[in-house]
Structures are given as structure tokens and as C-alpha cells.
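Visitor: Take this structure, written in C-alpha cells, and hold onto it; I'll ask about it next.
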Amino acid sequence: MSRILKDSTFFQKGQLPVYLYYTGFSGDLGFHSHEFSEIAIMFNGNAVYETDYSRENISRGDVLVIPPGGLHRYREEKNVELMNIIFHFEQLNIPAHDICRNPGYVPLFGIDPAFCHRQKFYPKFKLPQPVLNTVKTILLSAYELQKTQTQGALLALYGAFLQVIPLLLAHYSPAIQSHPLPLPEKFQDTVNYMLKNYRHELNIAQLAKRASMSQSTFIRTFKKSLGKTPLQYLLTLRLEAAREFLRNGCAVSEAAEKAGFKDSSYFSRLFRKHLNEQPRRWKQR
């Protein structure tokens with residue numbers, strides 16, 4: 001039977017939903033999953049990385065992305081230094097409106113566990129040595145402060161996470177671009193169109209026509225490439241935009257309207273459903 005790692009083990013209620021777990025050996029855990037997202041970075045060594053879908057060798061520089069509920073374990077570990085960033089991205093006060101435009105956003109921070117199960121894979125890529133050194137310096141410094149639990153430790157941890165995000169995004173994107181099955185140009189143009197016009201009325205028929213696809217092919221291609229349906233992706237863009245407007249001082253109704261929601265009550269229900277908090281409370285916090 002696999003073990004499930006709980007939120008309560010790592011996150012204190014109401015505090016920062018980011019935690020660093022630094023280890024040289026993970027074999028004792030066996031097959032396990034967790035309630036949070038995890039990005040594991042191999043600072044050094046070699047191991048065999050097993051999931052419920054695959055078994056492969058990993059080494060220094062490899063970055064592994066495991067969504068909530070993802071079964072995995074490490075075996076045959078040799079000289080391993082592994083930093084695990086565990087987090088709930090949707091609960092963080094991060095200016096994600098621009099981040100979600102990056103091709104690496106969904107695979108790294110917004111991936112749908114159900115999508116992973118359908119495709120039978122978890123994202124994986126490699127950092128070049130100079131970038132790995134930078135990431136290691138940032139995270140180990142924050143990890144040492146996290147251990148002290150002194151004043152300012154959480155701020156340092158939060159700052160380290162913010163510094164690492166663009167480095168990971170920058171080096172996951174090329175992995176997408178080099179995919180053996182490149183996406184049709186008109187499809188990519190349609191995704192860009194959604195990014196620029198998310199506030200306006202958009203429907204599947206209109207978007208599929210723009211991509212020169214049937215509606216069923218468009219939806220299937222969208223889910224395969226981005227892990228979400230077009231409407232789920234559009235909702236993500238609008239919610240992230242609304243968070244940005246709230247952060248910049250807009251009232252809830254104004255933020256909803258600016259982000260493309262016609263009904264502020266409906267917006268509040270969606271916000272609570274996807275971000276586990278009412279928008280007014282989120283803004284105050």
C-alpha cells in the first residue's frame with residue numbers, strides 16, 4: 001500500500017504554503033503520493049525514478065514535476081542530493097497573470113492530475129549546469145533559514161521560490177518547443193489570441209474556426225497540449241487576471257468585470273471553488 005503525505009505535515013494553517021525538503025535518501029518512503037504539488041530537483045547523484053507509469057534513470061540537473069496524487073518513488077540511489085519544493089501554487093500571492101502566459105506555466109504550476117493520468121506521464125526536464133548552480137544556491141540558503149524557524153525565515157523562503165520560478169519556466173519552455181509533434185501554427189495563434197482577448201466573449205465554435213479545426217479536434221488538441229480544456233484555460237486566465245486587479249486595489253466587482261466576468265456573484269463562487277477563499281478575504285489577506 002502506498003503512503004500519502006498530508007498537507008498538515010508540512011504546512012501550518014494560515015501560513016505560507018511552500019516548504020523545502022532536502023534529502024540524500026528517499027527510498028524508505030517507497031511508493032508514495034501527496035496532497036500538494038512537488039517539484040524535485042536533483043542537485044547531485046543518480047537514481048532510478050519510478051512512477052505508476054514509467055521507470056527511468058535520473059541524474060544531476062533533472063527536474064521532476066509530481067502533481068497531487070501522483071505515485072512515485074526513488075530506487076538505487078547513489079550520492080543523491082535532492083531538493084523537493086512542495087507547494088500549493090493557487091494559494092500563493094503571486095503575480096501569476098503574466099506567468100500563466102508562459103508555455104511552462106501549466107506543466108509546472110497548473111497541471112491537472114487527471115490529465116497526467118490520461119497521458120500516463122509526469123513532466124520532466126533538465127537544467128543546464130550554470131542554472132542548476134544558481135538554483136541550488138538560492139534554495140539551500142532558504143532551506144538553512146527554514147530550519148532555524150527564526151523571524152524572516154518564511155520571507156526568505158517565499159523570496160527564494162519567486163526567484164526560482166522564472167528559471168524553471170525559462171528552461172521548461174524549450175522542452176515544449178522541441179516536442180516531436182509540433183503544434184499547428186494556427187492552433188498556436190489561437191492560444192495567443194485567447195491570451196490577449198480573455199476578457200471578451202469567446203466560445204469553442206469561434207476558437208475552433210480560428211484554428212481551422214473541428215470543435216472536437218480543437219478541444220482534443222488543446223487538452224493534449226495544455227492539460228486543460230479551452231474553457232478551463234480561459235477560466236484560469238480570467239481568475240489570474242482578477243487576482244492581479246485585486247492586488248492592485250480594485251474592488252471585487254471591478255476586478256470581476258475587468259477580468260471578463262459579467263456577474264460578480266458568479267465570479268466569487270468560482271474564485272472560492274478554485275482558490276479556496278472568498279475574493280474579498282483574499283484581497284484583505
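Visitor: Is segment 49-57 home to any residue that is touching a Pro at 6+ places or on another chain (Cβ under 6 Å), part of a strand (DSSP E or B) and at pLDDT 85 or above? Show your work before the answer.
Guide: Start the filter on segment 49-57 by keeping residues that are touching a Pro at 6+ places or on another chain (Cβ under 6 Å), which leaves none.
No, that holds for no residue.
Visitor: Let me spell it out: the conditions are (1) over 14 Å from residue 92 (Cα atoms); (2) not in a helix (DSSP H, G or I), and residue 277 meets all of them except one. Which number is the exception?
Guide: Going through the list (1) over 14 Å from residue 92 (Cα atoms); (2) not in a helix (DSSP H, G or I), residue 277 breaks only (1).
Visitor: Another question, then. Would you pick out the residues in segment 207-224 that are surrounded by 13 or more Cβ atoms within 10 Å (Cβ to Cβ) and out of contact with any Pro (no Cβ under 9 Å at 6 or more places or on another chain)? Reasoning before the result, please.
Guide: Taking segment 207-224 and keeping what is surrounded by 13 or more Cβ atoms within 10 Å (Cβ to Cβ), we get 207-213, 215, 217-224.
Answer for segment 207-224, where residues must be surrounded by 13 or more Cβ atoms within 10 Å (Cβ to Cβ) and out of contact with any Pro (no Cβ under 9 Å at 6 or more places or on another chain): 209, 210, 215, 217, 220, 224.
Visitor: Hey, does segment 68-80 have a residue that's in contact with a strand residue (DSSP E or B) (Cβ under 6 Å, 6 or more places away or on another chain), more than 14 Å from residue 121 (Cβ to Cβ) and modelled with pLDDT of 95 or more?
Guide: No, segment 68-80 has no match at all.
Visitor: Related question: Scan segment 149-178 and report the pairs whose first residue is over 18 Å from residue 94 (Cα atoms) and assigned to a helix (DSSP H, G or I) and whose second residue is modelled with pLDDT of 80 or more and aromatic (Phe, Trp, Tyr), with Cβ atoms within less than 8 Å and a gap of 6+ or a chain change.
Guide: 171/125; 172/125; 175/125
Visitor: Which residue is farthest from residue 204 (Cα to Cα), if the candidates are limited to segment 225-248 and must be touching a Pro at 6+ places or on another chain (Cβ under 8 Å) and not charged (D, E, K, R)?
Guide: So the residue we want is 246.
Visitor: Sticking with this one: Answer yes if at least one residue in segment 38-45 is under 17 Å from residue 161 (Cα atoms), assigned to a strand (DSSP E or B), in contact with a helix residue (DSSP H, G or I) (Cβ under 6 Å, 6 or more places away or on another chain) and assigned by TED's automatic domain parsing to the domain that holds residue 92, and no otherwise.
Guide: Taking segment 38-45 and keeping what is under 17 Å from residue 161 (Cα atoms), we get 38-43.
Keeping just the survivors that are assigned to a strand (DSSP E or B) gives 38-43.
Narrowing further to those that are in contact with a helix residue (DSSP H, G or I) (Cβ under 6 Å, 6 or more places away or on another chain): 43.
Now drop any that are not assigned by TED's automatic domain parsing to the domain that holds residue 92, which leaves 43.
Looking through segment 38-45, at least one residue is under 17 Å from residue 161 (Cα atoms), assigned to a strand (DSSP E or B), in contact with a helix residue (DSSP H, G or I) (Cβ under 6 Å, 6 or more places away or on another chain) and assigned by TED's automatic domain parsing to the domain that holds residue 92.
Visitor: Sticking with this one: Determine whether segment 261-268 contains at least one residue that is in a helix (DSSP H, G or I) and buried (at least 20 other Cβ atoms within 10 Å of the Cβ).
Guide: Initial filter on segment 261-268 (in a helix (DSSP H, G or I)): 264-268.
Within this subset, residues satisfying the condition of being buried (at least 20 other Cβ atoms within 10 Å of the Cβ) are 267.
Within segment 261-268, one or more residues are in a helix (DSSP H, G or I) and buried (at least 20 other Cβ atoms within 10 Å of the Cβ).
Visitor: Of all residues being assigned to a loop (DSSP other than H, G, I, E, B) and on the phi < 0 side of the Ramachandran plot in segment 201-232, which is modelled with the lowest pLDDT? Just the residue, please.
Guide: Filtering segment 201-232 for residues assigned to a loop (DSSP other than H, G, I, E, B) gives 201-203, 211-214, 227-229.
From the residues that got through so far, the ones that are on the phi < 0 side of the Ramachandran plot too are 201-203, 211, 213-214, 228-229.
Values: 201: 89, 202: 91, 203: 91, 211: 90, 213: 90, 214: 92, 228: 79, 229: 87.
For segment 201-232, the residue satisfying everything is 228.
Visitor: Among the candidates 16, 20, 64, single out the residue that is surrounded by 18 or more Cβ atoms within 10 Å (Cβ to Cβ) and touching a Lys or Arg at 6+ places or on another chain (Cβ under 6 Å). If you could, list the steps in order and put the result at the bottom.
Guide: Values: 16 fails: touching a Lys or Arg at 6+ places or on another chain (Cβ under 6 Å); 20 fails: touching a Lys or Arg at 6+ places or on another chain (Cβ under 6 Å).
Matching residue, one of 16, 20, 64: 64.
Visitor: Scan segment 100-145 for residues that are assigned to a helix (DSSP H, G or I) and at pLDDT below 70 and report the count.
Guide: Result for segment 100-145: 4.
Visitor: Return a yes/no flag: does segment 167-174 have any residue that is modelled with pLDDT of 85 or more and of a type in the set (Ser, Thr, Tyr).
Guide: no
Visitor: Can you list residue pairs whose Cβ atoms sit under 6 Å apart, with the first residue in segment 268-279 being among the hydrophobic types (A, V, I, L, M, F, W, C) and the second being at pLDDT 85 or above? Count only pairs 6 or more apart in sequence or on different chains.
Guide: 271/279
Visitor: Now for a separate question. Cβ-Cβ under 7 Å, sequence separation 6+ or interchain: first residue in segment 121-143 and in contact (Cβ under 8 Å) with a residue 40 or more places away in the chain, partner among the small types (Gly, Ala, Ser) and in a helix (DSSP H, G or I). Which pairs?
Guide: That search, which allows pairs on different chains as well, returns 125/175; 139/160; 142/156; 142/160.
The values are calculated or read from the model by the stated rules, or taken from the named source; none is laboratory data. Keep in mind it's a predicted model, so treat the numbers as computed, not measured. Backbone-built Cβ (ideal geometry, glycine too); neighbour counts: all protein chains shown.
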